[in-house]
Each structure stands twice: as C-alpha cells, then as structure tokens.
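A.B. asks: Sharing a structure with you now.
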Amino acid sequence: MKFKILVITLLCAIAVKAQENQEVQGKKLWTLEECVRYAEEHNLTIQQAELDLENVKIDKSDAIGNFIPTLNGTLRASGNSGLTIDPTTNDFVNTSIFTASGDITSSITLFDGLRNFHQLNRAKLNAIATQYQADDIKDDIRLGVANAYLQILSNRETLNVLNAQYRSTQQDLERTKELVDNGVLPKGDLLEIEATAANQEQQIVVAENSVLIARISLAQLLQISDYENFDVLDEGYVIPDDAVLNVTPREIYEKALTFRNDIQASQANVDLSKEDLKIAKGARYPSLSAFINYNTRYSDQNRDLVTGELIGFKDQLWIYDGISYGAQINVPILNGFSVENNIKRNKIGVERAKLQLEQDKLQLETDINQAYVDVKGAYKSYEAAGKTVEARRLAFDYAKERYNVGLMNSFDFTQAQARLDDAEATLIQTKYDFIFRLKVLKFYYGIPLEEW
C-alpha cells in the first residue's frame, strides 16, 4: 500500500511539473508548431489570400455560366394621352390609353471560336495558380513565425545569462567588501565592482525589454492582442544534426523545383498566359447565337368588334401572345486591328510569363546556394564562439583567483568578466542564427519548419 501511495504521489508530482511547464503565471506557453498552425488560421495576410481564392471560385462559376442559356423576363406598363399607337391593333388613337406588355427571352451562344471553353480552362488554371500563391504566402508566414519564435528564445537565453552573471557579480561584490574591510584591496576596487553590477542591471533591463518586444512581434504576427498572457515554450533547442549539409545545393534545388509553391505558381501563370492567347485567337472566328422569345400585350382601348365591349385583361394576354425565334451570326471583318493587336499582346504575355518562370527558378537556385553558404558560415561562427567562450571562461577563472588574493586590480578583473559576457552573448546569437538558417535550408529541402 505504501508503495502504491508513493507511485501515485510521484505521478501527481510529474503531472504538476508538466502543467507548470505549460503554464507560467496564467500564461499558456505556445510551441512552434502551435504558433505556425495558429498563424495559418488567423494571420491577416493569409486571410486576404483566402478571399482571393473565393474570388477565383466565382470566376470559375462565371465561366461555367457562359455555357448555360440566358433567360430573362420583362414587364412594361405605360399611359399616354393624345395621338399614339395602340400596340394591340397598331392603329392610331387620339385618347388617353393605358397599355401593358411582357416577354420572356432565352438566348444561347452556339459557337464563339471556342472562347468559352478556353475561358473555363483559364478559370480552372487561375484557381490553381491562386492556390499556389496562397500557399507561398503561408510559407513566408511560417518562416516569419519561426524567426520570431527563435528570436524570443535567443533573447530569453541572453537574459538568463545576464541574470546569472549578475548573481556572480553580487558574490564578487560581497567578497570584495570583505577584502576591502580587511585592508587587502583598496576601496576603489569595490567601487569598480559596484559600477560593473550597475551596468549589468542596465543590461538586464534592456534584455527584458528585448524579450517583451520579441513576444509582441510574434503575437502581432499571430493576430493575438493579449500580449501580457502570451509566451512561448522553450522546447530545449540544441544544435541539431547537419545531415542536410551532406546534400549538395544542386540536389536541394532539384527537389525544391518539384514542390515549391512559388515555382508552381509561376508555371501556372505560363499556362494562364497560353489560355489568354487562345481566347484572343478565338476572336478571329465568327460567333453564332440563337434566341427564342415569348411576348404578349394589353390595351384598355381594345374592344370586341361585334359587341364593342372592352376585351378583358386575361383574354387579351392570350389573344395577342406570340413567339419569335431566330439565330444570329457575327463575322469579324475589320475592327481597327484590335483583334490582331490583342493576339500580339498575349503572345508577348506568354513570353513574359516564361521569362518570369526562368527568373524565379534562377532566384530559387540563388537563394538555396545563399542559404547553404549561410548555414555553413553560421555553424563555423557558432564553433568559433564556443571556443571563445571556453577560452574567456578559463581566463576569467584565472583572473578571479588572482583578484581574490590581491594580485589583480578590479579594473582588469571587470574587463575579464566583460569579455566573458560578450563571448557568451555572441555564442547565444550564433547558436540561434545557425538553428534558424538550418531550418530555412531544410525548408527548401521539403522539411516543415515545425519538425525537428
């Protein structure tokens, strides 16, 4: 029984610790994956892209509607005094008259140089291109979220280092007071340590503000207004493996061409321009349309020839109704060179889209090569910073030993500490710079930013 109680107690303690890890002072701590998913659902730029997708769906519906016959009805009523024509008899009358008429007309395009078909194809391609563009915007937002997220962690780690350094300085300050009181060190050394502590307090304030600003920046990117209760979870990022660096930039580029949304969008734009050219060429051909119309009319002056009585409204609608139908062909002959010039413009548009595709591919290759070089450079900087910290720490420990026995003055001691502080801050910056740049390179290789 005691063993069971002990196990239950341990499990409860673990659960409480996990809860504390997720919530600090009422704040929910967000993981990178949660930030990315939330941004995809709430970011304003992404929402605008979603509206563009809704628009292209309407365009597709318009293109489909071009194949459907039109159907429209018209009702007309008018009064007239003086000389006018009775629409039911086509006779002139010189009196006050009230007339009404109505008709229903349906028309359909039978042939228009296949422009309707190409317009529908264009609408479908436009929907695909717009989706790629929306996904490319999401990619940019994901990169922005990852960068902002890691910036918070970098600033927070810098703050932790500064706090640790400040606590160490406080200990040095207490020891220095003892040495000064015992006459081992002059009072000027105590003043120097106190100045160092004051300077570290200022650095801590600046670092706290940097953490807050970084949190606000990420919250704004996520469209979260409650900055005070927003914070991110430190998922314990360490320097990851660099297996992706064993892949050549060319291999990364070849793979990126198969899934990158910006490249897919450029290719879709080429297909769109080709459809625009087909639509423009369709204007060279005759267009054929057909229509059918049902109409009827009424006049308050229309009387029966035998009885002389006014014919009723309903009866007149049946007596004077009629159907008309027909077809129309429109042959383009000369339209101020507008058709040919439009074709030429669209040919230029096709070539421009092809050049833009090649330009985007070239830019992608350039970006990947740059990202590859940046990753290697960032890793070398991180390694160098680590060696610098190790050397500075040994130098500081040696300086502290000499200072504690009175063989070093406070100025030289604080300089050794300042050099160590700068080296540790640089190590943190280079660490997160390398992590982010490696994420970017892996992103080009098809690995999601939130996965590691």
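The values are calculated or read from the model by the stated rules, or taken from the named source; none is laboratory data. Computed from a prediction, not measured in an experiment: that's the story for all the values here. Don't worry about glycine lacking a Cβ; one is built from the backbone with ideal geometry, like all the others, and counts go over all protein chains shown. Protein only, heavy atoms only, side chains kept; ligands, DNA and RNA dropped before computing areas. Shrake-Rupley method; radii C 1.70, N 1.55, O 1.52, S 1.80 Å.
A.B. asks: Six or more apart or on different chains, Cβ under 6 Å: which pairs go from a residue in the stretch 335-362 that's without any contact (Cβ under 8 Å) to a residue 60 or more places away in the chain to one that's of a type in the set (A, V, I, L, M, F, W, C) and not in a helix (DSSP H, G or I)? Could you list them?
C.D. replies: Listed by first residue and then by second, the contacts come to Val339/Ala283.
A.B. asks: Just need a number here: residues in the stretch 264-311 that are closer than 13 Å to Thr88 by Cα and either free of Cβ contacts under 8 Å to residues at least 60 places away in the same chain or open to solvent by less than 40 Å² (accessible area, probe 1.4 Å) (or both).
C.D. replies: So the answer is 8.
A.B. asks: Identify the single condition in (1) surrounded by 19 or more Cβ atoms within 10 Å (Cβ to Cβ); (2) within 30 Å of Thr196 (Cα to Cα); (3) under 28 Å from the mean Cα position of the chain (by Cα) that Arg392 does not satisfy, given that it satisfies every other one.
C.D. replies: Exception for Arg392: condition (3).
Matching residues to (1) more than 30 Å from Leu449 (Cβ to Cβ); (2) modelled with pLDDT of 85 or more:
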residue	(1), (2)
Gln19	no, no
Cys35	no, yes
Ile64	yes, yes
Gly73	yes, yes
Gly79	yes, no
Gly82	yes, no
Asp86	yes, no
Val93	yes, no
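A.B. asks: So which residues in the stretch 164-174 are surrounded by 15 or more Cβ atoms within 10 Å (Cβ to Cβ) and under 43 Å from the mean Cα position of the chain (by Cα), if there are any at all?
C.D. replies: The answer is Gln165, Tyr166.
A.B. asks: OK, next. Are any residues in the stretch 318-343 modelled with pLDDT under 90 and crowded, with 16+ Cβ neighbours inside 10 Å, and if so, which ones?
C.D. replies: The one that is modelled with pLDDT under 90 and crowded, with 16+ Cβ neighbours inside 10 Å: Tyr320.
A.B. asks: Based on what the data block shows, is Asp189 over 29 Å from Ile137 (Cβ atoms), of a type in the set (Asp, Glu) and crowded, with 19+ Cβ neighbours inside 10 Å?
C.D. replies: yes
A.B. asks: A further question on this structure: Would you mind stating whether Tyr227 is part of a helix (DSSP H, G or I) and among the aromatic types (Phe, Trp, Tyr)?
C.D. replies: So Tyr227 does not fit the description; no.
A.B. asks: Of the conditions (1) modelled with pLDDT under 85; (2) open to solvent by 60 Å² or more (accessible area, probe 1.4 Å); (3) aliphatic (A, V, I, L, M), Ile97 fails just one. Which one is it?
C.D. replies: Condition not satisfied by Ile97: (2).
A.B. asks: So Asn261 clears everything in (1) of a type in the set (S, T, N, Q); (2) open to solvent by 30 Å² or more (accessible area, probe 1.4 Å); (3) under 17 Å from Phe443 (Cβ atoms) except one condition, right? Which one?
C.D. replies: Only one criterion is unmet by Asn261, namely (2).
A.B. asks: Just to be sure I understand the filter: pairs with C-beta atoms under 8 Å, separated by 6 or more residues or on different chains, first member in the stretch 199-220 and among the basic types (Lys, Arg), second member open to solvent by less than 60 Å² (accessible area, probe 1.4 Å) and assigned to a helix (DSSP H, G or I). Which pairs pass?
C.D. replies: Arg215/Ile152
A quick yes/no check of all residues on (1) closer than 30 Å to Leu185 by Cα; (2) out of contact with any Ser or Thr (no Cβ under 6 Å at 6 or more places or on another chain); (3) outside any loop (DSSP other than H, G, I, E, B):
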site	(1), (2), (3)
Leu362	no, yes, yes
Arg393	yes, yes, yes
Tyr398	yes, yes, yes
Gly406	yes, yes, no
Phe413	yes, yes, yes
Leu427	no, yes, yes
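A.B. asks: Looking for whichever is out of contact with any Gly (no Cβ under 8 Å at 6 or more places or on another chain), outside any helix (DSSP H, G or I) and small (Gly, Ala, Ser) here; the options are Gly386, Gly377, Gly326, Gly349. Which one fits?
C.D. replies: Only one candidate passes the filter, namely Gly326.
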